[in-house]
Amino acid sequence: MTEAGFDSPAAVQTGLRRFDYLADDRIAQVVFLADRLGKPILVEGPAGVGKTELAKALAAMAGRRLIRLQCYEGLDESKALYEWNYKKQLLRIQADTSTAWSELEEDIFSEEFLLPRPLLEAIRSAEPVVLLIDEVDRVEVETEALMLEVLSDFQVSIPELGTVVAATQPLVVLTSNNTRELSEALKRRCLFLHIEYPSVEREKEILMARVEGLSDQLADQIARLVRSVRNFQLRKPPSVSESIDWARTLLALGVDEVEPDTAQGTLHVLLKYQDDIDKVSRDLRSVPSDTVGT
Ligand SMILES: Nc1ncnc2c1ncn2[C@@H]1O[C@H](COP(=O)(O)OP(=O)(O)OP(=O)(O)O)[C@@H](O)[C@H]1O
Ligand SMILES: [Mg+2]
């Protein structure tokens, strides 16, 4: 097993903060344990709460290369694990007419003609890496099963070549938006981490870390306002990425305190559906201005 060797959950928290990732106690604890136990982390939660970013910050913190497998519907073995370089194989066959087929066959199914894809690349890496399997809920169950084999045995078998065993164990992060239920088998092998919208205090810290030039007071006000907006029954509540965008917008407009008018005029940065904008606007209009943000 190749541990990144984090000393404690607190050390994980401090380390991630150095790369502008603000982890709460739970996130830090799961990361610490995943490294110790050599288990993948399955991160689930709404859009824009920092699932993908966690893997990136972890790689930066551990000083490891990040290998990313972006999942989508229809992703198959040839894009996840490996494929043979057919073009190159064909060229070799055409160029060589004198060699016996059996010999040629052995030749073209060798290392030289293999195109490793992210999973195989992560397994074969001489230096330990962080492997991000992003949005795993988008692939079909069969592809999920394929990944499972890699994640539990840390090996890949290639019929023509034999079994490739991991030289080093990657730290694996899988993310899911929960568009479908993942298999029990996959869940069992992973440490589960649910990330929710951050607390007002943590979101304020995230804003301060990510938006240059933001005052403490404005960050605080934005974090509180976004929190209250999330309490509406919305089609798409604002995520952390949207509060960052909103903070940048307000800063660009030279705002140092959010008044109801400014809030209303910039709601389209925070919300992505007209119904949602209307709903929040109505409420803003009915609130006396001196209570906004308190
Ligand atoms: N805890 C955090 N610390 C610092 N930045 C954060 C944190 N959470 C979110 N962010 C910011 O929010 C942005 C969006 O996060 P990210 O892309 O990781 O979301 P996600 O959960 O993967 O969303 P999706 O499900 O849409 O892919 C990041 O680029 C980062 O700037
Ligand atoms: Mg993501």
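Nothing in this text is a laboratory measurement; each read-out follows from the coordinates by a stated rule. Quick caveat: nothing in here was measured; it's all calculated off a predicted structure. Backbone-built Cβ (ideal geometry, glycine too); neighbour counts: all protein chains shown.
Considering only strands (runs of 3 or more DSSP E) fully contained in the stretch 31-89, which possess at least 1 residues that are of a type in the set (Phe, Trp, Tyr)?
The qualifying strands (runs of 3 or more DSSP E) are 82-84.
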- Query: In the list 10, 60, 55, 47, which residue meets the criterion of being crowded, with 19+ Cβ neighbours inside 10 Å and touching a residue at least 12 places away in the same chain (Cβ under 8 Å)?
  - Reply: 55
- Being hydroxyl-bearing (Ser, Thr, Tyr) and out of contact with any Ser or Thr (no Cβ under 7 Å at 6 or more places or on another chain) is the filter; apply it to the stretch 149-190 and report the residue that is nearest to residue 3 (Cα to Cα). 152
- Can you confirm whether the stretch 247-263 contains a residue that is within 12 Å of ligand 1 (Cβ to nearest atom) and closer than 23 Å to residue 31 by Cβ? no
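Give me a count of the residues in the stretch 1-26 that are aromatic (Phe, Trp, Tyr) and within 13 Å of ligand 1 (Cβ to nearest atom).
2
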- Can you tell which of 115, 148 is of a type outside the set (D, E, K, R) and part of a strand (DSSP E or B)? 115
- Message: Looking at the stretch 152-179 only, could you name the residues that are away from ligand 2 (no atom under 16 Å from the Cβ) and either more than 22 Å from residue 131 (Cα to Cα) or of a type in the set (A, V, I, L, M) (or both)?
- Response: 156, 158, 159, 160, 161, 162, 164, 165, 166, 167, 171
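Conditions tested, residue by residue: (1) loosely packed, with under 13 Cβ neighbours inside 10 Å; (2) more than 26 Å from residue 83 (Cβ to Cβ).
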| site | (1), (2) |
| --- | --- |
| 160 | yes, no |
| 163 | yes, no |
| 167 | no, no |
| 170 | no, no |
| 176 | no, no |
| 179 | yes, yes |
| 186 | no, no |
| 190 | no, yes |
| 197 | no, yes |
- Number of the exception - residue 127 against (1) within 16 Å of ligand 2 (Cβ to nearest atom); (2) part of a loop (DSSP other than H, G, I, E, B): (1)
